[in-house]
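Worksheet: one structure, shown below.
The values are calculated or read from the model by the stated rules, or taken from the named source; none is laboratory data. These numbers were taken from a predicted model, which means no experiment stands behind them. Don't worry about glycine lacking a Cβ; one is built from the backbone with ideal geometry, like all the others, and counts go over all protein chains shown. Accessible surface areas use protein heavy atoms only, side chains included; no ligands, DNA or RNA. Shrake-Rupley method; radii C 1.70, N 1.55, O 1.52, S 1.80 Å.
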Amino acid sequence: MDKNLIQRTLSGIVYVAIVILCTTPIGAKLINGISPDLVKQEYLYYGLITFLLGISSWECFKIMKFGNGYERWVVLPLIIFIFYIFSKRYFNFDFYFDFRISEILALLLIVIAVVTLFKYPNELYYDSGKLIFTVIYVALPFSLALGLPKFSRFDDRFTLEVLFLFVLIWSSDTFAYLTGKSFGKHKMAPKISPKKTWEGYIGGVVLTLALSYFIERYYPDLRGNWMVVGFLVAAFAPVGDLVESQLKRNFGVKDSGNIIPGHGGVLDRLDSFLICVPVVYLYFILEKFI
């Protein structure tokens, strides 16, 4: 058997297991079964997001090849500061999905960063542009991800929005790949990602919607309508992949890193997550007013 396939499979299983343990009550139950009241699930989730933020920040920093100016020294403190602001809200149970200026500004900045990457890539060759893009592209999505699950200081409740967001992203990627491989003829973005096809994109949307129907039916306590979430994820997950592909293409990089054997870096695995989180977060804001 191909050693690379074995490596990819094993590392993929470990990756999925870590996500499940940190985004569901399973992780805390397992640990507290060994030593009672040792950890709460919200701490495991926060640890996961913090770890992924740290590795992603380093990978993005390496991709963009910062020079020796002051920007290389302030990018990490800025990311930490932004994440700290949202962390305070996380531990104070302060995510209400209202129209707050800070959150709307964060979502708008993500859109501007993506548009800049595709339409004005020359701006990212300056260290000031690299600084702004890195902070927006990495810090804001992970910060907003802290607001997706619901939990309580009084019991062990920890809802599964993030787990199912990962599941829908994985299903979208898998179904799009299988459909594209079987029926793909029309290239979606040949210069950025030659293997992506419109047939694969449509297949990913349709089959992910089918999966989201079962999530909506059997998990009614989740925020929002998961048929809508499934459509948003299937529609925007490929965009996240294209964003990272364009970023690597601009700077002549093949993989964001090698921390996940056989899969590349964290950014390579979370490119869709970084775009889907702000989209779903915005939907949860709008859903309160519908």
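Side notes on the structure shown:
- So Ile6, is it in contact (Cβ under 8 Å) with a residue 24 or more places away in the chain, closer than 25 Å to Ser256 by Cβ and of a type in the set (Val, Ile, Thr): no
- Applying the criterion of being modelled with pLDDT under 85, of a type in the set (A, V, I, L, M) and under 20 Å from the mean Cα position of the chain (by Cα) to the residues of the stretch 75-105, the residue that is most open to solvent (accessible area, probe 1.4 Å) is Leu105.
- Arg72 meets the conditions (1) under 21 Å from the mean Cα position of the chain (by Cα); (2) in contact (Cβ under 8 Å) with a residue 24 or more places away in the chain; (3) part of a helix (DSSP H, G or I) in every case but one. The failed one is (1).
- Criterion: within 28 Å of Leu48 (Cα to Cα), open to solvent by 20 Å² or more (accessible area, probe 1.4 Å) and touching a strand residue (DSSP E or B) at 6+ places or on another chain (Cβ under 9 Å) - qualifying residue of Phe175, Phe151, Phe158, Phe183: Phe151
- Selection of first residues in the stretch 205-230 that are in contact (Cβ under 8 Å) with a residue 40 or more places away in the chain and of second residues that are open to solvent by less than 70 Å² (accessible area, probe 1.4 Å) and among the β-branched types (Val, Ile, Thr), restricted to Cβ pairs under 7 Å at least 6 apart or on distinct chains, gives the following pairs, ordered by first then second residue: Thr208/Val233; Ser212/Val229; Asp221/Thr159; Leu222/Thr159; Trp226/Ile215; Val229/Val280; Gly230/Thr208.
- Helices (runs of 4 or more DSSP H) completely within the stretch 133-247 that count 2 or more residues being among the polar types (S, T, N, Q) and under 17 Å from Val279 (Cβ atoms): 161-183, 198-218
- Given (1) open to solvent by less than 40 Å² (accessible area, probe 1.4 Å); (2) in contact (Cβ under 8 Å) with a residue 24 or more places away in the chain, index of the condition Tyr46 fails: (1)
- Residue ID - nearest to Val19 (Cα to Cα), chosen from residues in the stretch 240-265 that are hydrophobic (A, V, I, L, M, F, W, C) and open to solvent by 10 Å² or more (accessible area, probe 1.4 Å): Ile260
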